[in-house]
Every structure is written in structure tokens, then in C-alpha cells.
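Peer 1: Handing you this structure, nothing more for now.
The values are calculated or read from the model by the stated rules, or taken from the named source; none is laboratory data. Please read all numbers here as calculations on a predicted model, not as lab measurements. Reconstructed Cβ throughout: ideal geometry from the backbone, glycine too, with neighbour counts over all protein chains shown. What goes into the accessible areas is simple: the full protein's heavy atoms, side chains included, and nothing from ligands, DNA or RNA. Shrake-Rupley method; radii C 1.70, N 1.55, O 1.52, S 1.80 Å.
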Amino acid sequence: AHNNTGITLNDLGKFEEALEAYNKALILKPDYPEAYNNMGIVLKERGKLEEALAAFDSAISLKPDYATAYDNMGRLYWLDQSFTKAFELLEWRWKSKQEDFIGNELISDKPKWIGEDNQKVFVWTEQGIGDEIMFSSTLHELSSKSAKLIVECDKRLIPLYERSFPQKIQFVDSRKDVMENEYSAQIAIGSLPKHFRKNLNDFENSSAGWLNAESEKTTSFRRKLQKQKNDKIIGISWFTKSEKITSQRRSVPIDLLANSLQHIPVRFVNLQYGETAEELSQISSKYGINVDQIDELDLFNDIDGLAALISACDIVLSIDNATVHLAGALGIDTRVLLPLTADERWGLNSSNSYWYDSVTLYRQEVLGHWHKPLEHLTSDLKKTLS
């Protein structure tokens, strides 16, 4: 019960109280690996990396096959940019019962690809569309090593990928369409960094961006958005539809965002999929901010069109969602608002991203408080635009 209380308190952002609950659980049951693992998660989110590592170590010493603890330890090393250790440990994710998050592992008689040259390789998809885009930075390198490369991906990405990657790569939207005799080795796309991203220097070849939007569509969108020749365009995205409490921490209230942006002299365009009309109408009447929309563009289903719209922007401003990964992979100036407990891919304290050169990070200093990062963001935007 104390352990479960700690989990709930952590979800609510009450980190110190969560740690107290886990300590109570461990006083009652010192050989309780789950409590150590959960304690490690909280300590990691508080930036106490050495203490978190000790907690995960304790969990694993009590339960040597504890896949979730190994996976969490991998995320800790990722946060600390110890990439070789991180991506090796993250292979435990397939044994940690996270199917609702990462998807299903490929069942195949063919061996895992372990870095050999001249293989016929099948890369299969996992996790969300933002993760797919981020991990796709490795496909150029894998293609150059492979005799043949087949890549499973979200159907919405295929037009964009076929334009951006070597023609010899075959993209499919379902692993069921790929027969085992078509490849000699297979690997999850999230496992490719283990082979190609071992230190910070390994990110440099792709970090300037590796995707290409359709140029004619980009030009057309920019013409629609620019009322005057010198108008600057900022695309905005402000919420995630994930219902998890921890995911909801990433969303920024549109009213708060509009209040910060009302004196920025640009044209705004909506990059946020979902029902947004009511919110946009409210900020228009309250703050005088008019956010343009491309009515014929389905922002959820037409990812290639969204890529063109993002490329028509001078700056993209977003929370941590798939829009950020798409904009970063396109090399567009992207400003990201991060919660206090940000994902490990963004590092611990940096304002820059090693995965995307064009991304700048604005972090909360207090859980749930967006005023400081918004203040820094608007100050930087004014300097950039002037």
C-alpha cells in the first residue's frame, strides 16, 4: 500500500512525499525490489542521478531479471548522455511489459541485426510517431551498410520518407506485408542508436536535419500565410492528447501562451491537431491574437502536408510532442517548452538538443509553473525577430 501510494504521489508531482512512502515500504519490507525501482524513478526525475542509480542497483540485486529496473537504468544513463550503456540497457524494454507504450516485438526466425555489413535488413517500428521520426536519423547510415533495407513505419510518414531517404530503401506500413525470405536480419528502429549513436559526435552528421518537405507545397502555404512580404510566421502547438497524468504536465494552457505572445509582431499559424477552434476563438477575442489555419490540411493524417506547413514557418513553438521531432528533423528553428520532469532525450539541464541543432529548450524551474520558461522564450523571440 505504501508503494502504491508513492506511485500516485509521483504522478501528482509530490516527489518528496512519494520518496517518504517508498521509504516506509522498505522499512516494512527491505527486500522489496519494486519500491527501490519506483524510488529510482523519482530520484531520476529530481536530477539526483547517483542516488537513482543506487536505487536501481538495489532493485536489480534483489531481482536479477527485473526488466523494468534495467530499462529505467537505461533511461537514467540516456539522461546522463552515457549513450553506450543507455542503449544497451534499453534492450530490456521488450521484457518489461510496456506493450501499451512501445508496441509489439517482431516475432521472426531471422536473427537480430548486430551491425554486420551487406545484410538484407528489415527495420520494424515501435513507439509513437515522434519516436519513429527521431530514430529515423540513423537510416542513412544503415542504408549505406546494407545490401537491402526494408523499413516499417507509420503509413502517414511514407511520402515524406520516400522523398528524404535513398531510393533503395523500401518503406512499408505493415510488417505483415514483409516475408521472412526478403531479409536476412531484423531490428527494432529504437535499437539502431545502439549501433550508430555511441557518443555526442555520432549525432553531428544528422543533427542539422534529414527530412525534406515538398517544396511546392511549402511555397504555396507561405504565400497563403504572408499578408505582407516581410511578415514572419510562427507555428504553434500547445497540448498532447495523451491522458496520462505525467504526459499532461507537458501541455501549456493556451490562455497562458497567448498572454505571453500577444506582443510578438508575427503571424501565427496552427500546427495543433485535434479540436482547437473554440480555444483559438477565445484567444482571438481576449488577446487579439489571430491564429491562421490551412483549412484543407488535415494536421493529424497528412504528415507530409504538415511537414510542408512547418517548413513554411520561420519558427515553430511547441510543447514536447511529435511536432517538435518533425520540425527538428526538417531543420526548422524550433522552440520547445519542457516541464520540470522532461523526457531523458532532452538531457538534464541543457538549452540545446544534440539530436536536433535547430531546437532550443525552455525548461520549467518549478513543477507546473510555465511563467519563467515563457518569459525566457518571449525575450529570445523578440531578439531573434529584431
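Peer 1: Give the ranking of 304, 80, 295 by solvent-accessible surface, highest area first, calculated with a 1.4 Å probe.
Peer 2: So the residues, ranked largest to smallest area, are 295, 80, 304.
Peer 1: Cα extents of the stretch 18-57 along the three principal axes, largest first, in whole Å?
Peer 2: 27, 19, 11
Peer 1: Per residue of the stretch 338-347, what does 6.51 cos²θ - 1.76 cosθ + 1.60 with θ = phi - 60° give for ³J(HN,Hα)? Whole Hz please, x for Gly and Pro, Karplus curve as stated.
Peer 2: Using θ = phi - 60°, the values come out as 10, x, 4, 9, 7, 4, 4, 5, 8, x Hz.
Peer 1: Give the calculated FRET efficiency between residue 244 and residue 293 to the nearest 0.05, with a Förster radius of 25 Å applied to their Cβ-Cβ distance.
Peer 2: The computed FRET efficiency comes out at 0.35.
Peer 1: Sticking with this structure for a sec: Could you check what % of the DSSP bridge pairs in the chain are antiparallel, to the nearest 5?
Peer 2: 5 percent
Peer 1: Please list 284, 137, 144 in order of solvent-accessible area, largest first, computed with a 1.4 Å probe with all protein chains present.
Peer 2: 144, 284, 137
Peer 1: With equal scatterers on the alpha carbons only and no solvent term, can you work out the Debye log10 of I(q)/I(0) for the stretch 169-265 at 0.18, 0.22 1/Å?
Peer 2: Debye intensities relative to I(0), on a log10 scale: -1.16, -1.14.
Peer 1: Rounded to the nearest 500, what is the 222 nm mean residue ellipticity of the chain from helices alone, with -39500 (n - 2.57) per DSSP H run of 4+ residues and division by all residues?
Peer 2: Rounded to the nearest 500, it is -12500 deg cm²/dmol.
Peer 1: What does the charge count around residue 364 come to, taking other residues whose C-beta lies under 14 Å from its C-beta (Lys +1, Arg +1, Asp -1, Glu -1)?
Peer 2: Taking every Cβ under 14 Å from that of residue 364, the sum is 0.
Peer 1: Using a basic spin-label model with each label point 7 Å from the Cα along Cα→Cβ, how many nm lie between residue 147 and residue 256?
Peer 2: Taking the two extended label points, one gets 5.6 nm.
Peer 1: Something else about it: Counting other Cβ atoms within 10 Å, which GluC sites (Glu not before Pro) in the stretch 313-380 have at most 12 and lie in a DSSP loop?
Peer 2: Hits after loop and neighbour filter: 365.
Peer 1: Taking 7 Å along the Cα-to-C-beta vector as the label spot, tell me the residue 198-residue 81 distance in nanometres, rounded to one decimal.
Peer 2: Each label point is offset 7 Å from its Cα along the Cβ direction, giving 1.8 nm.
Peer 1: Turning to a different aspect of this structure: Let me know the volume per residue of the alpha-carbon convex hull for the stretch 245-386, in Å³.
Peer 2: Convex hull of Cα atoms, per residue: 115 Å³.
Peer 1: So, one more: How much accessible surface area, in Å² rounded to 10, belongs to the heavy atoms of residue 112 with a 1.4 Å probe?
Peer 2: Roll a 1.4 Å probe over it and residue 112 shows about 90 Å².
Peer 1: For the stretch 241-298, what mean projected area does the convex hull of the alpha carbons give, in nm²?
Peer 2: That works out to 4.5 nm².
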